[in-house]
Amino acid sequence: MAIAAADIAAEDLKGMQVTNGVDEVAEVDAQMGGSGECVDADSDDNADNANGEAVAKKKKKRKKKKKSGAAPSVQTTPPSVGLSQLFPDGIYPEGEFQQYKDDQRWRETDEEKRAQERADAEMVNSVRKAAEVHRQVRSYVQSIAKPGVLLIDMCEKLEECSRKLIEENGLEAGIAFPTGCSLNHVAAHWTPNKGDKTVLQYDDVMKVDFGTQINGRIIDCAWTVAHNPRYDRLLEAVKEATNTGIREAGIDVRLCDIGEAIQEVMESFEVELDGKTYQVKCCSNLNGHSIGPYQIHAGKSVPIVKGGPTTKMEEGEFFAIETFGSTGRGYVREDLEVSHYMKNFGVGHVPLRMTKAKSLLRTIDKNFGTLAFCNRYLDRLGEDRYLMALKNLCEVGILDAYPPLVDQKGSYTAQYEHTIYLGPTQKEVLSRGDDY
């Protein structure tokens, strides 16, 4: 119905434009012919020429008016301008390029690899758009993530900006997963549910983890907010560990070697809190991961400690390189209220008896597919009384629930993460920005 109404309104507008055009010409004729009287056919040709010139000037003025509505060239605050308007040529900013190690440097000049790079250019450009959205949105969020902010308000502002900048379009473009804003000993997978009143405090350590996607190509990127400088060494340790993982990553690199390098850097740091010194520990059961189209965890895990799998990275793969450091045990477990859910990527048809579960699954398939979502996203779509249906979908194996992951109480955890692409000639840190 909305489309039909819009079409009717458009036709009315066209009619008005034609009428206005006739009125304008009549007005010019009246001015040139005098007091509305008809001009004889054998009147002076100069009068006709003058009329023609006046009408032409009117048309020219109307054309110039259209130029005043040109696309904006700068972003607003808060961000609200879609990226296609800021980059009308459709070419989006590149990330940070890094060379492969010596045994792969031949790729830079190999004609076959360079041809493959050109063939992949359109796909990579679309992912760069998602990355630029992430950079612009997080720049704004960094300005509002201050002590006293209500976390549910921060998340909703972040998500609204993401939807506008990426020009949300169903499953083709939008948010890739719920905004994580896990605090202190909670390392990951916490986002406020409806009615939550959690407020960011000066002494909190908050991990902000959110994602954007174009055609299922996901940018997964995170950073840590800590206003009290006593946590600086913790944040520095994790940032350096993540950058080490990025530097070590590459085609034919074993995943276990990356984990060993990360651990060596992370655990070389210490942090002093309340007169006690803590070695920064890797959260040993948290990993980076490969990313596939519409699949946030595509099968390969990038460990952050030594002793991981000997599986190798391959050309053309996308990876989220993320590390978590902790002043606690360095081992997380599931706890607290669940907010994150995701449909199993390879699940087939599963018969359902509960009517509400069937209806909810249709909503999930239409709006999220196999991308992660949270309770707030269902609330936004107008779903209500869905908790039993969610539980049923999890019990039959259609959905998986992802509870928050926590270290011991009283400890502090930090996270940094970037999405990288292993291109034919070099690797690209797609989500790299001036901030981290």
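Only residues that are part of a strand (DSSP E or B) and touching a strand residue (DSSP E or B) at 6+ places or on another chain (Cβ under 9 Å) were counted across region 169-206, and they come to 17.
So is T212 of a type in the set (S, T, N, Q), outside any loop (DSSP other than H, G, I, E, B), surrounded by 22 or more Cβ atoms within 10 Å (Cβ to Cβ) and touching a Cys at 6+ places or on another chain (Cβ under 7 Å) or not? Considered against the rule, which asks whether it is of a type in the set (S, T, N, Q), outside any loop (DSSP other than H, G, I, E, B), surrounded by 22 or more Cβ atoms within 10 Å (Cβ to Cβ) and touching a Cys at 6+ places or on another chain (Cβ under 7 Å), T212 comes out as no.
Of all residue pairs spaced 6 or more apart or on separate chains, those with beta-carbon atoms under 8 Å, a first member in region 390-410 that is over 28 Å from T327 (Cβ atoms) and a second member that is among the acidic types (D, E) and open to solvent by 30 Å² or more (accessible area, probe 1.4 Å) are C394/D400. The set of residues from region 134-178 being closer than 16 Å to M206 by Cβ and of a type in the set (K, R) comprises R138, K146, K157.
Within the group A188, A237, A261, A222, which residue is more than 26 Å from Q104 (Cα to Cα), at pLDDT 95 or above, open to solvent by 10 Å² or more (accessible area, probe 1.4 Å) and not aromatic (F, W, Y)?
The conditions single out A188.
Among residues of region 268-283 that are closer than 21 Å to L405 by Cβ, those with a beta-carbon under 9 Å from a residue that is exposed (fewer than 12 other Cβ atoms within 10 Å of the Cβ) and β-branched (V, I, T) at least six positions away or on a different chain give the pairs V271/T277.
Note on region 345-364: residues that are without any contact (Cβ under 8 Å) to a residue 40 or more places away in the chain and surrounded by 13 or more Cβ atoms within 10 Å (Cβ to Cβ) total 9.
So that you can scan it fast, the table gives a plain yes or no per residue for (1) modelled with pLDDT of 95 or more; (2) in contact with a helix residue (DSSP H, G or I) (Cβ under 7 Å, 6 or more places away or on another chain); (3) open to solvent by 70 Å² or more (accessible area, probe 1.4 Å); (4) part of a helix (DSSP H, G or I):
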{"position": "E94", "(1), (2), (3), (4)": "yes, yes, yes, no"}
{"position": "S126", "(1), (2), (3), (4)": "yes, no, no, yes"}
{"position": "E132", "(1), (2), (3), (4)": "yes, yes, no, yes"}
{"position": "R135", "(1), (2), (3), (4)": "yes, no, no, yes"}
{"position": "V141", "(1), (2), (3), (4)": "yes, yes, no, yes"}
{"position": "M154", "(1), (2), (3), (4)": "yes, yes, no, yes"}
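The values are calculated or read from the model by the stated rules, or taken from the named source; none is laboratory data. This one's a predicted model, so the numbers in the text were calculated from it and none came from an experiment. Glycine also receives a Cβ, built like all others from the backbone with ideal geometry; neighbour counts cover every protein chain displayed. Please note that ligands, DNA and RNA were not included when accessible areas were found on the heavy atoms of the full protein model with its side chains. Shrake-Rupley method; radii C 1.70, N 1.55, O 1.52, S 1.80 Å.
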